[in-house]
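What follows is calculated from the coordinates using simple rules that are stated; it is not laboratory data. Given the structure is predicted, the values throughout are model-derived calculations rather than measurements. With ideal geometry, Cβ positions are generated from the backbone for all residues, glycine too; neighbour counts draw on all protein chains shown.
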Amino acid sequence: ISNLTFGGIQDSIAVALGLDRTVVLALQSVGGAMGNMICINNIVAVCTILGINDQEGFILKRTLVPMLVYAAIAAAGGALL
């Protein structure tokens with residue numbers, strides 16, 4: 001949803017600032033994926049499907065570190081492009 005919501009805005013900002021539209025929109029997509037990794041709705045849905053009780057916070061904490069690594073890699077890649 002964030003790509004649909006913010007994609008047009010990101011595109012217009014990239015054009016206005018003279019940035020590479022492809023890189024900006026790719027980073028928008030990466031950001032949406034990172035948000036999806038820690039989305040509480042998704043974590044609750046997975047816990048419900050798998051029958052895991054009262055582990056949402058634990059899963060969120062365990063997912064945060066890989067998400068931050070993913071963010072660092074994306075930021076470094078975006079800075080190089």
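The Cα center of the stretch 16-44 and the Cα center of the stretch 62-81 differ in position by 11 Å.
Take each of the peptides 15-21, 5-11, average the number of other beta-carbon atoms within 10 Å over its residues, and list them starting from the highest. Write down the numbers at each step before the final one.
Numbers: 15-21: 10.1, 5-11: 13.6.
Packing proxy ranking, top to bottom: 5-11, 15-21.
Pairwise Cα distances in the chain exceed 15 Å for 63 percent of all pairs. Computed from Cα atoms, the angle from the helix 40-50 axis to the main principal axis of the chain rounds to 40 degrees.
Please list 23-35, 63-75 highest first by mean number of surrounding beta-carbon atoms within 10 Å per residue. Provide the component values of the computation, followed by the final result.
On the way: 23-35: 16.3, 63-75: 12.7.
Highest-to-lowest ranking by the protection proxy: 23-35, 63-75.
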